[in-house]
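All of the numbers you see were taken from the coordinates with simple rules; none came from a lab. If you're wondering where the values come from, they're calculated on a predicted model, not measured in any experiment. For neighbour counting, all protein chains shown are included, and Cβ atoms are generated from backbone atoms with ideal geometry for every residue, glycine included.
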Amino acid sequence: MDLNSLKQFLVVARLEHLSRAAEELHIAQPSLSRTIARLEGELGVPLFDRGGRLRLNDTGRIFREHVERALGELDAGRRAVAESTSRGLGTVRLASETFLTLTGPLAAYKRAHPTVDTELQWSPPEDMARRLRAQEVDLCVASQPIHAEGLASARLFDEAVGACTPLDHPLAGRTSVTIDELADQPFVTARKGHWARRLLERLFAARGLTPRIVCESDEHSSIADLISAGLGIGLVPAFARRSATRAPVAWMSVDSPDCRRTVTLYWGADSHLSTAARLMRTTITGWDWINGDPQEKR
């Protein structure tokens, strides 16, 4: 049961598709199939169900969690040794759904620690717990709760999310609107899985409604521009409204206590964090999200 076989297993477990896994790993599919079969032979149980489509079974999920932790610890050990021998701060790997919220603390961190290698990675929230447990990343920032064991967290801020419309829209002069008033409106929003899309769908579903989505954008920073251009309306957090330097739009509160987002920093509860990662955690948790400065400057 060598390390390479375990790494290959994790790719197959993630994709649940042998040919795509082989392509990602740059190896032949028959070789990958033999590796998985050999692992199952050593364990004495199948890790996948093969009825029509490859599916990770319950035993496979248990094994995957242990493999992720084991390989993550090995990688953490390598980084800890490198940090101790170089006498440097190490590296920090931060994942988030969007980095627009984090530009202030990231800039402050880089100014304070210019020699630190900082790796920023986009990640959907459903992958964050796995990536933290496997120590693929050190820290994650999510705009929606992550319910998983083995994680520690610190709430950064909670804020209202409002409706954003073009300036010439009939609702533009309002200070607040209801979900029912938005029911027939065309929406510009993020792709499925993003917190803003999930919030929109959740608010509508609670009233037995389905939002009319006319535009899905992978570029979250462009949503306000698309709204300003008249393509539709959208949900925009108060933070983005305060920091926006883009085309003008009207912003109004939504008459629902659930129309909010809570931004939280997560890390592995038992993971070894490099000095660089610990300093990044301190910078982010110590940031004044209202005034845009470290809290010690207040």
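Taking springs between alpha-carbon atoms closer than 10 angstrom, which of ILE179, ILE227, ILE36 fluctuates most in the Gaussian network model of the chain?
Looking only at ILE179, ILE227, ILE36, the biggest GNM fluctuation is shown by ILE36.
From the phi angles alone, apply the Karplus equation (6.51, -1.76, 1.60; θ = phi - 60°) to segment 213-224 and give each ³J(HN,Hα) in whole Hz, x where the residue is Gly or Pro.
For segment 213-224, the Karplus-derived couplings read 9, 10, 8, 10, 10, 7, 9, 5, 5, 8, 4, 4 Hz, x marking Gly and Pro.
With each label point set 7 Å from Cα along the Cα-Cβ vector, what nm distance links ASP158 and ASP258?
1.6 nm
Using r as the Cβ-Cβ distance of GLU201 and ARG55, and R0 as 35 Å, what FRET efficiency do you calculate, to the nearest 0.05?
The computed FRET efficiency comes out at 0.85.
In nm, what is the difference between 0.36 nm times the number of residues separating GLU219 and GLU119 and their Cα-Cα distance?
Length difference between fully extended and current span is 34.0 nm.
For the chain, set up a GNM with springs between Cα atoms under 10 Å and report which of LEU25, LEU182, LEU203 has the largest fluctuation.
It is LEU25.
Can you compute the helix-only [θ] at 222 nm over the chain? Use -39500 (n - 2.57) per DSSP H run of at least 4 residues, normalise by all residues, nearest 500 deg cm²/dmol.
That comes out to -12500 deg cm²/dmol.
Taking the Cα-to-Cβ direction at ARG20 and at ASP288 and moving 7 Å from each Cα, how far apart do the two end points lie in nm?
4.7 nm
If you take every DSSP beta bridge whose two residues both sit in the chain, what share of them, in percent to the nearest 5, is antiparallel?
The antiparallel proportion sits near 60 percent.
Kindly identify segment 129-178 as rounded, prolate or oblate by the Cα gyration tensor criterion: order the square roots of the eigenvalues as a ≥ b ≥ c, call it rounded if a/c is under 1.5, otherwise compare a/b with b/c, prolate if a/b is larger, else oblate.
prolate
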